[in-house]
Structure formats: structure tokens, C-alpha cells
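Engineer: First, the structure itself, so that you have it in front of you.
Readers should treat all values here as calculations from the given coordinates under stated rules, not as data from a laboratory. Keep in mind that this is a model prediction, so the values were computed, not measured. Don't worry about glycine lacking a Cβ; one is built from the backbone with ideal geometry, like all the others, and counts go over all protein chains shown.
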Amino acid sequence: MAEITYAQAVNAALRRALSEDPGTLLFGEDVALPGGVHGVTRRLRREFGERVFDTPISESAILGGAVGAAMMGLRPIVEIMWADFAFVAFDQLINQAANVRYVSRGRLTAPMTVRTQQGATPGSCAQHSQSVEALFAHVPGLRVCLPATPQDAYDLLLAAIGCDDPVVVIESRELYHSLKGPVDQDGPRAPIGGARVHRAGSDLSVVTWGPMLHTVLEAARVLESSGVSVEVIDARWIDPFDTDTVVDSVSRTGRLAVVHAANLTGGFGAEVVARVVERGVSLSAPPLRIATEDLRIPAAPALQRAAIPGRDTVAGRLLSMVAPATTA
Amino acid sequence: MPHPPTQTALADLAGLWRIRVFEETVTRLRVEERIAGSVHLCIGQEAVPVGACAALDLTRDAVFATYRGHGWALACGADPAALFAELLGRETGTNGGRAGSAYLSDPGHGFYGENSIVGAHAPIAVGAALAARYDGSGRVALAVFGDGAMNQGAVHEAMNMASAFDLPVVFLVENNRYSELTPIAAMVRDDDLVSRAAAYGMPGSWVNGNDVGAVRRVVAEAVDACRSGRGPVLVEAHTQRLVGHYIGDAQTYRPRDEVEAARATEPIVVLTSALRAAGAGDAELSAVEARARAEIAAAAVTALAAPPADPATVKEHVHG
């Protein structure tokens, strides 16, 4: 199996969706002729003609256009170039798309996919850096996933496109061109949902998602050298969230940490902790959230490193859960 | 120009009366507290939905309206009993009680719904028109909104994108001169709203929104332009509401005699006078009103007898 980048995996998934379903459209700012500001949608215009098109810089029109086209039976895939831009048009997602099925008792639906990308990268400004998944996950009616590997960038996007409800796929700009991996492009299209255990462990369960997965995996390797066995769960979908997989893991390890790049307060990590605690899982240490503090995101790389948990921060705090006396 | 006493004009009058009586009945049910919540009536504005819907092919066209939308639902052909039931929170409502007065829909009749966010449905209508480009339906999307929505960013985005892509959207402004409780004239430099069409490079037409025949003609021209691929059209229909923004609105912001003056030019008065001038008799005209009253009264009775929305279903349809 050939290795491709995360961005190429997204591109391949879009190509497959456009090939398999003539009702699929792809539109957004600069996605067609320019092939996307990050090159993710390259060549799709050439292959699929007017089903792939550029739009004005009008997020309400993009998202509202998707809602309307989806209500009429098409399967629009739209790009919101940066997740931060979704706020310009949150109405179309929260008040419009998310209500269509419920308020019509299923007579109308909005099977649309919103692709976006998020996270801080060196120099990215405060309006192009936020991790905002919890804001989407708070809205019943929207589905939300954050692929962390090329295979998941492919699989989750196809699952989203096949879903009969609005789905927000939050990709990682940081991973687009930096992460390569084998991608099986011939498998069946999976349904939405389901976490993945990336690494088995016995002392501690860590739940994470998005590019933070790779930071956590590095931290787990650091802890392994200290004799601490960390189980790493990539949530992949935060709506629907796979509570069972997490509870099963924590039931074995007795310890739960959640790590995300999003801000601490109201972050989805709090939800994960609450769900596990509410299930009555016996814990041998208080649950821990490792997140970006409640800050704005600065542009300078040194400031970003100070704001967003990196490998050493994550490793140190995880270690303190297992051996609090030695690291306090 | 007087209307000839044609079947079309008599049908228009029936359409106006059905909406008028429906809204009067809603007022009573709201005052009696059988209907809960905010209710926005279109009394005085009935000619716009009746004329516009007569110009559409509702087997394929799609109407997107505002919270002042009962008249639009009726003009599209929604069952008045199902509409009453929706307002009453009954299981038999168009949306099973999930929408209420301000967000109801009936897609089986081309009514893709009211919207309670001002102007938010304009981009959605653009999406419905966009779909027509690919699905071969020949659909035209009609987005109707008030003068206040002309100051919403989403409406600008919708008009621009529809114009840029030549999409078949009729943007219809029901200008009743009040953006909720504030005069539109105080919120714009130039209250000639239809003149904005030129900025988007689309045709714009002004119409007397109290003249149902004129509305039908102007909207029919707009629909033809859309259907033939010439892109969107902006239509501004001047009208007035004879009631408050919502039931209970004291309207302290309106000049005292304004509503009284408007009664002389409201759509039922205008059309009835025209029909009389064209030779229609009092008995014929009264019969139109009486039939509407009987139909709507029966619909209300049906709705009031329907079971309430079932709480056991409240968690259904969040997802597919």
C-alpha cells in the first residue's frame, strides 16, 4: 500500500465520493481552480467539472447554500477554510443545518459535510489558530470528527459524506503535508463513530483526538521508558462519542486523562471525564485534563509552545498521575 | 386598472380571505391562551403570498419565508387544519408541534419553511436554486423576507452569490416599512430598497404589494427570468401590516392614524372594490368570504380536537 500524506488522503476521499455519487458537490473559497489554499482539493475541478466550484468569500452563503442544496437531496461538501471562519456564519450551522431534521420530524434533512481545519502552527495568528471542536459538539444535530492519521482522514471524511446529517470534519493543517502513512482506499465506506485504541497500556488511559494524538503517543513512549504503560485512545469522533471504548479502558487502568489542544474551560475533555465518572468507574487517581490554558493563541512560535501542551508537558503531567509523590 | 371579475380574481379574493380569517382565528386562539408564545401575523400583507404563490409551480419550486409566514404556508397549499394544529402544539401539526408559529414547514406543498432568524433563509434558498442546476428539476427558489432583512449580511451574501452564478432565485422583499418595531427609513440612507438590485447586476421590480394581480404579474416575470436561466431577480412589494409586529405589540412606535389610513388600501378592500367595479355582485363577493370563514372555522375545530404532541417522541429525529 502506497504511503500518502494526510492532505492526499483527504483529496482521495473527495475524489471517491465525487466519483461514486453524482449528487455530490464540492464548493468553498478557492477550492476549485486554485485547488485550495493548502492544496487539498487539487485537480478535482479538472476531473469533476462544475460539481467543484469556487465561491465568494461568503461563509453564510457557502453554509446556507449547502443547507439548501442538501434539503433538495444533493450531498454538498463545503470547505470553511479555517475553523475560525465558521463563526462568521455559525447561524447557518447551529440555527439552520442542525434544526432541519428535528423540526421537520425527518421530512427534511441536511446531509451536508463541512470540511475545515484548525490548530496553531508557527506564526498563525489568533484568528487562525483556535481549536473549536467543543463548540460544534455542543450542538445536537451536528456530528463532529477530527481525523489524526491519513487513513482516518480518508475514512472519516467518507463516513461523513455518507451520513444523512450535517457533519463537521475538522482536519489538521499541521498534519496536511507533514504526516504520511499507508491508506487503504478500497475498503467499504464505514459508518460514523468509533474510537480507536492506538496503543495498549495498563497503568493509565489517555483520550485525545486530532494532531494531539501524536504528541500523546510521543509522551507515552517517554513514559514507557519510565516503566509506565499508557493506553492511548483516539476518539476520532466526538459526536457520536464512543464512551464505551473509553469506559472499558479506564475500567482496566483505573486512571483517566484527556488531552486536547482546545482551551480547558468547556472543552470536550470535561465531557469525557464527566461521562466516565457518571458511569461509576472506579478510579485510583483523580481524572486529569491536559489542555491549552484559557488563553488567546499567540503567533510567535515560542509563545505557542508555552501555551499549547507539548510532549514534555503531557508526559510530566501523566507521570504525576501515576507517581504523584515523585513528581509533585 | 380594474380586475375583470374573472375566476382568477375571485380565487385571489378567496386566497386573501382564507389568510385573513386564519390570522383572525389565530389571534383569538392566542388571546385565549390556547396558542402559546410569540405569534406574528400578516394581516394586511396577504396579497403578497397569494399573488406570488400563484406565479409559482409548487410541484417543483421552493418557498422560503419568515416567521410572518402563516399566509405563505396557506398560499402554498398547506392544510389550514395542520397549520392550526402546529400553532396549537398538536401531533397533527405540520411539524408535530416542533416548529410552532414561527418556524413551520410543509415541503409537500413547496413550503420549505418559515425562518425565525431574520434573513437566514436567503442563502438556503440560494442552495435550493443551486441544486436545480444539477438535479434537472427546473426549480425556482423564492425567498421572501421583510425590509429589515435587507440589512442582514446573509442576505447580501445570498444576493451576490446568486447573481454571480446566475441562480434561479426570486428575492422578494415584503416592505411593510417596519423592521420589527423600527422604521426602515431610519435604518438606511435610501429606503428605495429595490434600487439595490442594480448593485448586484440583477433586475429589480417594484410592485404595489396590496394589489394581488400586480404581485402575480411581477413575480411571474421574475420566475420566467429565473426559469429561463437569466439569474436572480429582486422584487420589492410595498405593503403594510394592519396589526402589530407580534400579537400584543402596542405599536407605540407607529403614528396613531397610520393603521386607520392603511385600511383604505389593504388588499381585500382593493380587490373587492375592483371586482365590484368590474360587475361582481355583493352576493357573489359575500359568498367568497363566507366560504373562507366556513373552511377556516372547520379547520380550527379539527385542529382543536387533535391530540397534543406526544412527549414520548421528543427525542426522535435529532439524527437520522
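Engineer: Averaged over all directions, how much area does the convex hull of the C-alpha atoms of the range A:3-182 cover when projected, in nm²?
Structural biologist: Directional mean of the projected Cα hull area for the range A:3-182 stands at 9.3 nm².
Engineer: Using amide H atoms built in the peptide plane, which far-off residues or other-chain residues are under 5 Å from A:I290 H to H?
Structural biologist: Residues meeting the amide H criterion: A:V258, A:V259, A:H260.
Engineer: With each pseudo-label sitting 7 Å past Cα toward Cβ, what's the A:S229-A:S284 distance in nm, one decimal?
Structural biologist: 1.1
Engineer: At a threshold of 8 angstrom on Cα-Cα distance, excluding pairs fewer than six apart, so keeping six or more, what relative contact order does chain A reach in percent?
Structural biologist: 16
Engineer: A:L25's amide H: which non-local residues (gap 5+, or another chain) put their own amide H closer than 5 Å, with H modeled 1.01 Å from N in plane and none for Pro or chain starts?
Structural biologist: A:R75, A:I77
Engineer: If you don't mind, there's one more thing I want to ask. What average count of beta carbons from other chains do you get within 10 Å of the Cβ of residues in A:18-30?
Structural biologist: 1
Engineer: One-quarter of the Cα convex hull surface for chain A, in nm²?
Structural biologist: 16.6
Engineer: Against the 2.2 N^0.38 Å scaling, with N counting residues, where does the range B:1-126 land? I'd like the Cα-based Rg ratio to two decimal places.
Structural biologist: That ratio works out to 1.04.
Engineer: Going by how many other beta carbons lie within 10 Å of each one, how would you line up B:H40, A:H177, B:H121, A:H260, fewest first?
Structural biologist: Final ranking by Cβ density, sparse to dense: A:H177, B:H40, A:H260, B:H121.
Engineer: If you don't mind, there's one more thing I want to ask. Apply 1/(1 + (r/R0)^6) to the Cβ-Cβ distance of B:T59 and B:A278, taking R0 = 30 Å, and write down the FRET efficiency to the nearest 0.05.
Structural biologist: Step by step, r from the Cβ atoms, then E = 0.45.
Engineer: Continuing with the same structure: Could you identify which residue out of B:R90, B:R217, B:R189 has the top mean-square fluctuation in a GNM of chain B using Cα springs shorter than 10 Å?
Structural biologist: Answer for the Gaussian network model of chain B: B:R189.
Engineer: Still on this model: Show that you can apply the helix-only estimate: for the protein assembly as shown, add -39,500 (n - 2.57) for every DSSP H stretch of four or more residues, divide by all residues, and state [θ] at 222 nm to the nearest 500.
Structural biologist: For the protein assembly as shown, the value works out to -11500 deg cm²/dmol.
Engineer: Among B:D282, B:D211, B:D61, whose mean-square fluctuation peaks in a Gaussian network model of chain B (Cα, cutoff 10 Å)?
Structural biologist: It is B:D282.
Engineer: Please state the relative contact order of chain B as a whole percent: Cα pairs under 8 Å, 6+ residues apart?
Structural biologist: About 25 percent, as a whole number.
Engineer: So what J values fall out for the range A:88-93 if you push phi through Karplus, 6.51 cos²θ - 1.76 cosθ + 1.60 with θ = phi - 60°, rounded to Hz, Gly and Pro as x?
Structural biologist: Result, ordered by residue: 4, 9, 4, 3, 5, 7 Hz.
Engineer: Also, quick follow-up: Work out the FRET efficiency for B:T27 and B:A199 from their Cβ-Cβ distance, taking R0 = 35 Å, and round it to the nearest 0.05.
Structural biologist: 0.35
Engineer: Mind telling me which of B:P255, B:P107, B:P123 comes out most flexible in a GNM of chain B, alpha-carbon contacts under 10 Å?
Structural biologist: Top of the fluctuation ranking is B:P255.
Engineer: A follow-up question, please. Using the Karplus equation 6.51 cos²θ - 1.76 cosθ + 1.60 (θ = phi - 60°), what ³J(HN,Hα) coupling, rounded to whole Hz, does each residue of the range B:178-195 give in order, writing x for Gly and Pro?
Structural biologist: Taking θ as phi minus 60°, the curve returns 10, 8, 6, 10, 10, x, 4, 4, 7, 10, 9, 6, 10, 8, 7, 5, 5, 5 Hz for the range B:178-195.
Engineer: Share of antiparallel DSSP beta bridges in chain A, in percent to the nearest 5?
Structural biologist: 20
Engineer: Looking at the range B:89-226, what % of the alpha carbon pairs are farther apart than 20 Å?
Structural biologist: The share of Cα pairs beyond 20 Å in the range B:89-226 comes to 51 percent.
Engineer: Kindly point out which whole DSSP H helices in chain B project their C-alpha atoms 18 angstrom or further along the helix axis while averaging a Kyte-Doolittle hydropathy of 0.0 or above.
Structural biologist: Answer set is B:7-31, B:121-135, B:212-227, B:282-304.
Engineer: Could you work out the percent of alpha carbon pairs in the protein assembly as shown separated by over 41 Å, rounded to a whole number?
Structural biologist: More than 41 Å apart: 36 percent of the Cα pairs in the protein assembly as shown.
Engineer: Would you calculate the separation in nanometres between label points at A:C125 and A:N95, each defined as 7 Å from the Cα along the Cα-to-beta-carbon direction?
Structural biologist: 2.7
Engineer: Sort A:T265, B:T27, A:T116 so the one with the fewest other Cβ atoms within 10 Å of its own Cβ comes first.
Structural biologist: A:T265, B:T27, A:T116
Engineer: Here's another thing I want to ask about it. Principal axis extents for the range A:34-118, Cα atoms only, whole Å, descending order, please.
Structural biologist: 39, 27, 19
Engineer: While we're looking at this one, here's another question. Placing one identical point scatterer on every Cα of chain B and ignoring solvent, what is log10 I(q)/I(0) from the Debye formula at q = 0.11, 0.15 Å⁻¹?
Structural biologist: Here log10 of I(q) over I(0) equals -0.67, -1.25.
Engineer: Please arrange B:R34, B:R139 by how many other C-beta atoms lie within 10 Å of their C-beta, fewest to most.
Structural biologist: Exposure proxy ranking, most exposed first: B:R34, B:R139.
Engineer: Express the Stokes-Einstein translational diffusion coefficient of the range B:171-249 in µm² s⁻¹, to the nearest whole number, given a Kirkwood radius over alpha-carbon pairs, 37 °C and a viscosity of 0.692 mPa s.
Structural biologist: 241
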